[in-house]
Structures are given as structure tokens and as C-alpha cells.
Amino acid sequence: MSWAFAALGDRARAEYHALRVEQLAPGSADALALRAELEQRAGHANPALELYRAAAQRAANDATLQIRYAAALRSAGQGTQARDWLRAALKNQPESFRLRIALADVLFELADYAAAAREAELALEREPTAPAALYIAGAAAYQLQNHVRAADRLGRYLQTDVNALEVRLLYANALLHAERTDEAARQYGVILAASPNRADARYNLGVALWKSDRREEARALFRALCSEGDAAACPYAEATLRQDASPAFTDPAN
């Protein structure tokens, strides 16, 4: 109950219920975590971290408390400490899907893409359709330039959330890198149907059309970008129109 009040910003009621928990179970992990939540919401980062750590240590088998402490470390800019904590927690609970996903997420944030991909793939062995695992596996594979795997994982993610335009853009870019140009063009079209002014999607659609030997369509798209004064895409488009050479692929992920 106290978690709910804290989430709603009702500090007085949250403090009352935290006190009741402390009275009923003095020093319990739940009581410590509730106090940590209140300190964090009050902007007291260091006391919150100490309380979260104490709660996590007191309930070493509680994945939620391990993840909450790691999240607090990340919020405090201590990503490597969060990684190390989650690794230790995962050794204690090697079958925990939630701990593995939390670790993969931290590793991705730390730009350790190979390790993030490994953890996400292990998570997918347990839950093959888990959106978080599919996204991290796909995004990490993309950063590692494994575009075939990235396209597979991101495509499967989009089956769970068809409206995720940023994921769809990454998926389309992975397809384009993998030389699946017709499929990439279709995906850029889906993005532009929902967001017609996306210059990155419009330009990369032109690249996909060009690579699919649909040169006139590509030229028309590049001319339109330049006539609209798109500062980012126009120099590439102009070079292609002037030299009739293969356009450079602009990749916002790199």
C-alpha cells in the first residue's frame, strides 16, 4: 500500500504506512525499501542508496529489491556498480528472467553491447517473445553490426508493438544494411505513413529505392528533400543527383 501512495506522490500517507510496516516488522526489507523510496522522492540520494542497499542485502532472494537498488545506483550515475550488483544477484538467482533483463539493460547503457547481447539472448531462451529481451538483443546486435540478427529480433519485437516508430526505424535500417532493400523500403513507408515529415526515414527510403534500382523514385525523393531545404539530408542527396552515384546511407544509430 505504501508503494502505491508513494507512486501517487501522497508523501504523508506513504510515510504513515511506512511507519506501520516498521512497527509491524521492524528492520524488515520492506520497511527499509519504503524508507528508501521516500528518501529518493525527497531528493536525498545518498540516504536512499544506503537504505536500498540494506533492503537488498536483507532480502537477497528478492529480485525486485535487487533491481530497485540497481535502478537507484543508475539514477545516481553509478552504472558500473549497478552492473556488478546485478551480476552478483544473478549468480544467486541464475534462473531469474527479470534480473537478467535488468543486467542486459545496464550493459547496453554502458555500451558493452556484446555482453548485453549475450544476456538478452539468454533471456530469450527462457521467454522467446519477451519484448524487452527482443529489443535489447536487436539493438545490441545492430551496434555490433550483426544486421541479420538485429533485423530478426527487432522484427519480432514489432509484432508486440506495431506503433514503436523508433524501433521500426532501427529495424528498417538493419534491413537496409542487410541488403534487404525492398523490405527496408516498405518499413520506411510505414514510418512515413505515421510521421510524414521524418527526414531520416525519407532520405533512407531514397537509399533503399536506389539500391532496389528504382532510381527515378529515389531521385524525385532527393529533389523534394533539397527543395524543402533539409540541411541534414540535402548534401548527400545533391551529391547523388549531381554524380548519379550510389547515395551514402545516414545512420542515426552510429
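Whenever a residue of the range 42-55 is within 16 Å of Arg74 (Cβ to Cβ), its partners that are surrounded by fewer than 18 Cβ atoms within 10 Å (Cβ to Cβ) and not charged (D, E, K, R), lying with C-beta atoms within less than 8 angstrom and at least six residues away or across chains, give the pairs Ala45/Ser75; Ala45/Ala76; Leu49/Ala76.
Taken together, Leu49, Leu90 contain a single residue that is modelled with pLDDT of 95 or more, over 20 Å from the mean Cα position of the chain (by Cα) and surrounded by 15 or more Cβ atoms within 10 Å (Cβ to Cβ), which is Leu90. Pairing residues of the range 207-224 that are without any contact (Cβ under 8 Å) to a residue 24 or more places away in the chain with residues that are in a helix (DSSP H, G or I) and of a type outside the set (A, V, I, L, M, F, W, C), at Cβ distances under 6 Å and at least 6 apart in sequence or on separate chains, gives Leu221/Gly206. Residues that are among the acidic types (Asp, Glu) and touching a helix residue (DSSP H, G or I) at 6+ places or on another chain (Cβ under 6 Å) were ranked within the range 197-237; the one that is modelled with the highest pLDDT is Glu217. When Ala199 is tested against (1) out of contact with any Asp or Glu (no Cβ under 6 Å at 6 or more places or on another chain); (2) of a type outside the set (D, E, K, R); (3) closer than 30 Å to Leu221 by Cα, just one condition goes unmet, and that condition is (1). Looking only at residues of the range 57-74 that are part of a helix (DSSP H, G or I) and farther than 18 Å from Ala104 by Cβ, we find that the one that is modelled with the lowest pLDDT is Arg58. Remark: pairs (first residue in the range 84-102, more than 12 Å from Ala123 (Cα to Cα); second residue of a type in the set (S, T, N, Q) and in a helix (DSSP H, G or I); Cβ separation under 6 Å; 6+ apart in sequence or on different chains) = Ala89/Gln66.
State all residues of the range 169-182 that are part of a helix (DSSP H, G or I) and within 17 Å of Tyr142 (Cα to Cα); if no residue qualifies, say none. Scanning the range 169-182 gives Leu169, Leu170, Tyr171, Ala172, Asn173, Ala174, Leu175, Leu176, His177, Thr181.
Identify, please: which residue in the range 154-168 is part of a helix (DSSP H, G or I) and either acidic (Asp, Glu) or touching a residue at least 24 places away in the same chain (Cβ under 8 Å) (or both) and is, among those, surrounded by the most Cβ atoms within 10 Å (Cβ to Cβ)? Within the range 154-168, the match that is surrounded by the most Cβ atoms within 10 Å (Cβ to Cβ) is Tyr157. Being touching a residue at least 12 places away in the same chain (Cβ under 8 Å), of a type in the set (Ser, Thr, Tyr) and under 30 Å from Gly77 (Cα atoms) is a description that does not apply to Tyr188. Taking the criterion of being crowded, with 21+ Cβ neighbours inside 10 Å and either under 22 Å from Ile191 (Cβ atoms) or of a type in the set (S, T, N, Q) (or both), the residues of the range 114-139 that qualify are Leu134, Tyr135, Ile136, Ala137, Gly138, Ala139.
The values are calculated or read from the model by the stated rules, or taken from the named source; none is laboratory data. All figures in this text were calculated on a predicted structure; none of them were measured in a lab. Note that each Cβ is placed from the backbone with ideal geometry, even for glycine, and that neighbours are counted across all protein chains shown.
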